[in-house]
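Q: The following block contains the structure, expressed as structure tokens.
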Amino acid sequence: MIFGATAPEALPHEGVDTEVDASDCQATARPEHIQLADTPQIAATTPFKVEVEEGKSYFWCACGKSSRQPFCDGSHKDTALSRLKWTAEATKAVFFCGCKQTAHAPMCDGSHKGL
């Protein structure tokens, strides 16, 4: 599904640093008795419109817990989920999934309409 230029933005992205220090997203050892969440949290019920730059990598939050949506901030550490690296093939506007239910991660496929 293709979304038009008038699709709502869940959060503004101007000035947001999309690069995440790899140390923020490193796995740590946990006691065996702690069960990790493997179901993502719905971060937004609309996609995030982001102007991406050709050749730049973006780290999409797959768990829904990041305070820097739609990008990873390392909040997935207490889940069984991990970030997803995506590299832009062209400079343009794209729509990152906000509901975390997409079958075409990290891009929105309209799954939020069924929530």
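Q: Taking region 38-85 only, how many residues are among the hydroxyl-bearing types (Ser, Thr, Tyr) and touching a strand residue (DSSP E or B) at 6+ places or on another chain (Cβ under 8 Å)?
A: Taking region 38-85 and keeping what is among the hydroxyl-bearing types (Ser, Thr, Tyr), we get 39, 45-46, 57-58, 66-67, 75, 79, 82.
Filter once more, keeping what is touching a strand residue (DSSP E or B) at 6+ places or on another chain (Cβ under 8 Å): 57-58, 79.
Selection size over region 38-85: 3.
Q: Among the numbered criteria (1) touching a strand residue (DSSP E or B) at 6+ places or on another chain (Cβ under 6 Å); (2) not in a loop (DSSP other than H, G, I, E, B), which one does Gly98 miss?
A: That leaves (2) as the condition not met.
Q: Additional query: Being outside any strand (DSSP E or B), more than 18 Å from His112 (Cβ to Cβ), over 11 Å from the mean Cα position of the chain (by Cα) and at pLDDT 95 or above is the filter here, so list the residues in region 35-89 that pass it.
A: Of everything in region 35-89, those that are outside any strand (DSSP E or B), more than 18 Å from His112 (Cβ to Cβ), over 11 Å from the mean Cα position of the chain (by Cα) and at pLDDT 95 or above turn out to be Glu53, Glu54, Gly55, Lys56, Ala88, Glu89.
Q: Sticking with this structure for a sec: What do you reckon, is Ser57 surrounded by fewer than 19 Cβ atoms within 10 Å (Cβ to Cβ) and of a type in the set (S, T, N, Q)? It would help to see each step written out before you state the result.
A: On the way: surrounded by fewer than 19 Cβ atoms within 10 Å (Cβ to Cβ): yes; of a type in the set (S, T, N, Q): yes.
When the stated conditions are applied, Ser57 passes them.
The values are calculated or read from the model by the stated rules, or taken from the named source; none is laboratory data. Note that the coordinates shown come from a computational prediction; the quantities given were computed from them, not determined experimentally. Virtual Cβ from ideal backbone geometry, glycine too; neighbours counted across all protein chains shown.
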